[in-house]
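The values are calculated or read from the model by the stated rules, or taken from the named source; none is laboratory data. Everything quoted here is computed from the prediction, not taken from an experiment. Heads up, the Cβs are rebuilt from the backbone with ideal geometry, glycines too, and the neighbour counts pull from every protein chain shown. The protein model used for the area step is the full one, side chains on, heavy atoms only, and it has no ligands, DNA or RNA in it. Shrake-Rupley method; radii C 1.70, N 1.55, O 1.52, S 1.80 Å.
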Amino acid sequence: MNIFFHLRGANLRNVAEDTAVSGAIMSPQRQSSSSHSDRSSSETLQKNSSSNSGVILDISSLEMADVDSEVPSLPPRYRFRDLLLGDQTFQNDDRVQVEFYVNENTFKERLKLFFIKNQRSSLRIRLFNFALKILTCALYILRVSLDIPTENNGYQCTTCRNNSTLNTAEAPGIKWSLIFWVTRREPVWAIQVTVALISFLETMLITYLSYKGNIWEQIFQISFILEMINTVPFIITIFWAPLRNIFVPVFLNCWLAKGALENMINDFHRAIQRTHSAMFNQVFILICTLLCLVFTGACGIQHLERAGKNLSLFDSFYFCIVTFSTVGYGDVTPQIWPSQLLVVILICVALVVLPLQFEELAYLWMESQKLGGNYSRHRAQTEKHVVLCVSSLKIDLLMDFLNEFYAHPRLQDYYVVILCPTEIDIQVRRILQIPLWSQRVIYLQGSALKDQDLMRAKMDNAEACFILSSRNEVDRTAADHQTILRAWAAKDFAPKCPLYVQILKPENKFHVKFADHVVCEEEFKFAMLALNCVCPATSTLVTLLVHTSRGQEGQTSPEQWQRTYGRCSGNEVYHIHLGDSKFFGEYDGKSFTYASFHAHKKYGVCLIGVKREDNKSILLNPGPRHIMAATDTCYYINITKEENSAFIFKQEEKHGKGLPVTSLYDAPSRLPVHSIIASMGTVAIDLQHPDPPEESGKLAIPTENGAGSRRPSIAPVLEIADSSAILPCDLLSDQSEDETNQSDDEGSVGSEFVKGYPPNSPYIGSSPTLCHLLPQKAPFCCLRFDKACTHNSSEDAKAYGFKNKLIIVSAEMAGNGLYNFIVPLRAYYRPRKELNPIVLLLDNQPDNHFLEAICCFPMVYFMTGTIDNLDNLLRCGIIYADNLVVVDKESTMSAKEDYMADAKTIVNVQTMFRLFPSLSIITELTHPSNMRFMQFRAKDCYSLALSKLEKIERDKGSNLAFMFRLPFAAGRVFSISMLDTLLYQSFVKDYMIGITRLLLGLDTTPGSGYLCVMKITEEDLWIRTYGRLFQKFCSSSAEIPIGIYRTESHMFSTLESQVSINAEHGEEQRDRGESWKEKTAHRNSTTSDQSEHPLLRKKSMQWARRLSRKNAKPASRAERISQQRLNLYQRSERQELSELVKNRMKHLGILTVGYDEMNDHHNTLSYVLINPPPDTMLELNDIVYIIRSDPLAHVPEDSQMGQAPNTRNQQDFGTETRNETHL
């Protein structure tokens, strides 16, 4: 920007007068010098006043009076102003008004501003120029239509006629006079001359304004030459009339019109501050080039053929179209060599120009395919879409999102716009080309931090924005930082767009607290792994609940457990208002427990939670004291939501009662309706003779009234809670007994525990949870498990004398996520006598901030080591452990080959599986597809059959194709990517994240229950069915069962398992005979139909053989002998492994008594049944998932007051370290 100083006339006079007054009192020398400076300044003023560019001030020439000199008196006109403004020095009066000009204030610059620089005015000029060129082409066509070639000779001059005669004599076939002279009427000539004169003047003006020092560069421009060719001859004809009929190639103005149109479009884009894509501009240029070539060729051939065949303009146009399209019919052809030469020139030009244009167009098309183009604004206003922002898009992530997102019927018309900064992957491109996704998924390459890319994705019109973190990054903190910036950018660009953010580390969660829904990966991961240790297969239970499934998986399998397991996996969590529900509408004014039991009894749905209208918190099993209201929102587990259910009511006379009985399991499970009705009828008959239970916490057989042959009955579930009937939860009673009657052994392990909130949270945003705590925080030296200190002399697990089995966690570093592993295992509702010691096996030494956070929890220790070191495993007490949790390491997540990230973890776990067969190992993997390698057996035909079943289910479009893998079904393997669907489901079910956090113990809402389990023993088998068990829980302890974890013995179809065992272990097998006899006797005594199991096992072995081996021949005698030798070899291998472990234990000074090398569970399979039908028969060792009501909700006020001192002490303890929270 050029800056010029302009002085007003009045100000100049004031400056001159002030200078004269000040100069009168100066000394002669100073006056002479000042006069000299005045002359120079006046000369400068006079010199600059002649131009319009303003006045340039020479500040250096202005000298100030000395500060010590006397202040001169001011003229009288300033005195009144001084009275108003106060006493000021004369320095403030030497001010100059300055005006700033954005552009030069010359005539040329103003013309350039109007014709070139200003977008709007230059747009009008170019539009006018384009109209002139189109007019000249139209006038040329008009002149051709009025032209008569035979009359042209009358308009020639004599000299030209003689020359044309000579040329005709030389070339008798060509009439050159018809080429050089045309018929031009007077009106047409006048208009053409006027247009040519205007175009000439405009061209000369633009050339003058754009002149930059090189005149030849301006002259030899193609546009300038064409302008001169089409305008100068018409201007000459004004002064020389005989040349008015000379031919001028005015049709060449089409090329000038093309350039003017391109410039006009560019100016238009600059004026409206919007741009079309480069693809549009290139297509437009290509079309204009083709039109100009065709028009030029048609007009040129028509004019040249006036001397030959005399073609019309339409025939010439037809010939050009046929020629450029490479068809070439041959019916119209040029006859003379000038027109033929023109055709050759046009073809050469086309061969040069058109390929360049097409190449540019193809390049732009390929680039647009990489970038993805734009999402149409018209489509954004008429159709609904969501935006998915990711750092790098992998095929597994994309398919999980699409399958889960489009699993809901009301989302079928939504579009998914993917915004990713990297180029689209080849596999992703192939997926997006499938017709199922190509019409609904749009890939855009761009950054969420750029407003242009967010505008391309139409973020402001999106229904939601999903921002996912890249979990495969080595630096997960840096990945979270990128996610945070994307969330901030999206919120800044579209404040009203709902945000669904996935964060990796819990300490970064508070940065995206403004988002509508946030899922912290490490929070959910560690809480789920912790619950897996006390509630088996919690990861499988939650994964099945957050996945969308129709419950049709495995229904064609001959295996009974696969059909039942697949059918129950279709259960999900739904919600409905009680006033609008047929399931729960009739329970208005009744207790929550009563509504849950009878809804399950009548409809097979499991009511798990409720939310008041005036309360935003969801309460899981609020207990019998919660009275249902019509405005309550009910949350229930079922195969499908109530709106999609069909109700089939039964007749009263058929079943002897008027209650409508409907089973939602009828259609998907193919269960006979009469069996469900019979089961419910049995419960109804039992309700006629209720008998209260003896104990509230155990499912014991109640006292029988009358004959001993009568089946025991279960107490009814009351409509309204009775304080005398509902006994307080056994949890508090057990805890009170533990706190008052401690044994000496427990006192030796540690002092009395207190309940309180952890005083030092390792990060901001952790939910406060009431936990078991130490009355005094433990010193850091006591937290070291494998080293003794002055406070504790124990160095191994045996010396500590723990009563419960250990829980060992193997992790790379002590991150803040491990805090969420400890909290659920030390929650206040866990009985103190059931607390398991926790040992953290860390690759790196933890920092003091983490130790400060865990030192208040009882029986929590750490040691440094890795799982691939046998000595470290033995030192941390693996032989005394019940569960080993292997957390995926961050350093191995980013491998060169994606699926190799789990290689080290899988091999290490497989080694521990061989060394410690009785250990329950819970493993976290990066990729769910790698779970097939867990507990891998190369010659297991049953595993091979399951692999083929997984492929069949995947081909059918199942979202849970991996669910039949035995490690996943048993809850032994988990991948955090399975929980990605939790964030996707929250778009439709905004309550899923809250319910999952309550189930996992991440949040504790007052009055809300928690997840726990109860094992079915022989004393509990009198209940017989799951429906009766539901009633027993609701009537005795107000607990809500939601599923069963079932373990069955299974003879796998491996050849090794069919061969007789080694004689060395005969004694051990005889010792086990009694236990097997007891199990066999129990199976014969249970009420479930166990006679089907041998048949099912036989069918499963046949099915496995049929899928894995075709045309298999029966084994010969030699093959059987070789298999026996192989089995003996494997037995010796197992002995070798056990000897290795024992030798290392002896070397480390650890007793080998606890090591049991043969107690394994390889011949069992486990699976989860979510909300099974009421007539499901209970089996021995079934583990029932129950939601137990909040114990504090039933505690009397006096007991709460009694606990106040402990709470106060704990708060005092917490103030010491609260300020050391690590951000």
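Annotations for the structure displayed:
- Test result for residue 623, open to solvent by less than 20 Å² (accessible area, probe 1.4 Å) and under 17 Å from residue 545 (Cβ atoms): no
- Among residues of segment 325-347 that are open to solvent by less than 80 Å² (accessible area, probe 1.4 Å), those with a Cβ under 6 angstrom from a residue that is of a type in the set (A, V, I, L, M, F, W, C) and not in a helix (DSSP H, G or I), sequence gap 6+ or separate chain, pair up as 336/174.
- Any hit, segment 847-855, residues being of a type outside the set (Lys, Arg), assigned to a loop (DSSP other than H, G, I, E, B) and either within 20 Å of residue 472 (Cβ to Cβ) or open to solvent by 10 Å² or more (accessible area, probe 1.4 Å) (or both): yes
- Screening residue 252 against (1) out of contact with any Phe, Trp or Tyr (no Cβ under 9 Å at 6 or more places or on another chain); (2) surrounded by fewer than 16 Cβ atoms within 10 Å (Cβ to Cβ); (3) at pLDDT 90 or above leaves a single unmet condition, (2).
- Test: residue 925 is surrounded by 23 or more Cβ atoms within 10 Å (Cβ to Cβ) and either out of contact with any Gly (no Cβ under 8 Å at 6 or more places or on another chain) or not aliphatic (A, V, I, L, M) (or both): yes
- Scanning segment 554-566 for residues that are of a type in the set (Lys, Arg) and surrounded by 24 or more Cβ atoms within 10 Å (Cβ to Cβ) yields a count of 0.
- Close pairs (9 angstrom Cβ cut-off, 6 or more residues apart or separate chains): charged (D, E, K, R) in segment 1024-1045, assigned to a strand (DSSP E or B) and surrounded by fewer than 24 Cβ atoms within 10 Å (Cβ to Cβ) anywhere: 1024/1177; 1039/1012; 1039/1014; 1039/1186; 1039/1187; 1039/1188
- Being aromatic (Phe, Trp, Tyr), at pLDDT below 80 and either within 27 Å of residue 527 (Cβ to Cβ) or surrounded by fewer than 22 Cβ atoms within 10 Å (Cβ to Cβ) (or both) is a property that residue 936 has.
- For segment 300-321, a residue qualifies if it is surrounded by fewer than 16 Cβ atoms within 10 Å (Cβ to Cβ) and in a helix (DSSP H, G or I), and the qualifying residues are 314, 321.
- Filtered residues of segment 583-606 (kept if in a loop (DSSP other than H, G, I, E, B) and open to solvent by 10 Å² or more (accessible area, probe 1.4 Å)): 588, 589, 590
- So residue 952, is it modelled with pLDDT of 75 or more and outside any helix (DSSP H, G or I): no
- In segment 108-140, the qualifying residues are those that are charged (D, E, K, R) and within 16 Å of residue 209 (Cα to Cα), and the one that is most open to solvent (accessible area, probe 1.4 Å) is 110.
- Number of the condition not met by residue 945 [criteria: (1) of a type in the set (A, V, I, L, M); (2) open to solvent by less than 20 Å² (accessible area, probe 1.4 Å); (3) more than 22 Å from residue 555 (Cβ to Cβ); (4) assigned to a helix (DSSP H, G or I)]: (3)
- Taken over segment 491-530, the criterion of being farther than 27 Å from residue 925 by Cα, open to solvent by less than 40 Å² (accessible area, probe 1.4 Å) and over 14 Å from the mean Cα position of the chain (by Cα) is satisfied by 494, 497.
- Qualifying residues in segment 612-622 (those that are of a type outside the set (S, T, N, Q) and modelled with pLDDT of 90 or more) - the one nearest to residue 579 (Cα to Cα): 612
- Of the strands (runs of 3 or more DSSP E) that lie entirely inside segment 411-477, those containing 2 or more residues that are open to solvent by 20 Å² or more (accessible area, probe 1.4 Å) span 441-445.
- For segment 392-408, the condition of being of a type in the set (Gly, Ala, Ser) and either within 24 Å of residue 491 (Cβ to Cβ) or assigned to a helix (DSSP H, G or I) (or both) holds for at least one residue.
- Some residue of segment 463-480 being at pLDDT 90 or above and among the basic types (Lys, Arg): no
- In segment 987-996 there is at least one residue matching the filter, namely being of a type in the set (Lys, Arg), modelled with pLDDT of 90 or more and either within 21 Å of residue 575 (Cα to Cα) or in contact with a Lys or Arg (Cβ under 9 Å, 6 or more places away or on another chain) (or both).
- Checking every residue in segment 383-403 against the condition of being free of Cβ contacts under 8 Å to residues at least 12 places away in the same chain, farther than 30 Å from residue 641 by Cβ and of a type outside the set (A, V, I, L, M) gives zero matches.
- Residue that is modelled with the highest pLDDT, among those in segment 626-659 that are surrounded by 20 or more Cβ atoms within 10 Å (Cβ to Cβ) and among the charged types (D, E, K, R): 632
- A single member of 609, 551 is out of contact with any Ser or Thr (no Cβ under 6 Å at 6 or more places or on another chain), at pLDDT 90 or above, closer than 22 Å to residue 1029 by Cβ and open to solvent by less than 30 Å² (accessible area, probe 1.4 Å), and it is 609.
- Within segment 923-978, restricting attention to residues that are of a type in the set (Ser, Thr, Tyr) and more than 21 Å from residue 406 (Cα to Cα), the residue that is farthest from the chain's Cα centre (by Cα) is 942.
- In segment 533-544, residue farthest from residue 1184 (Cα to Cα) [restricted to those that are open to solvent by 10 Å² or more (accessible area, probe 1.4 Å) and in a helix (DSSP H, G or I)]: 533
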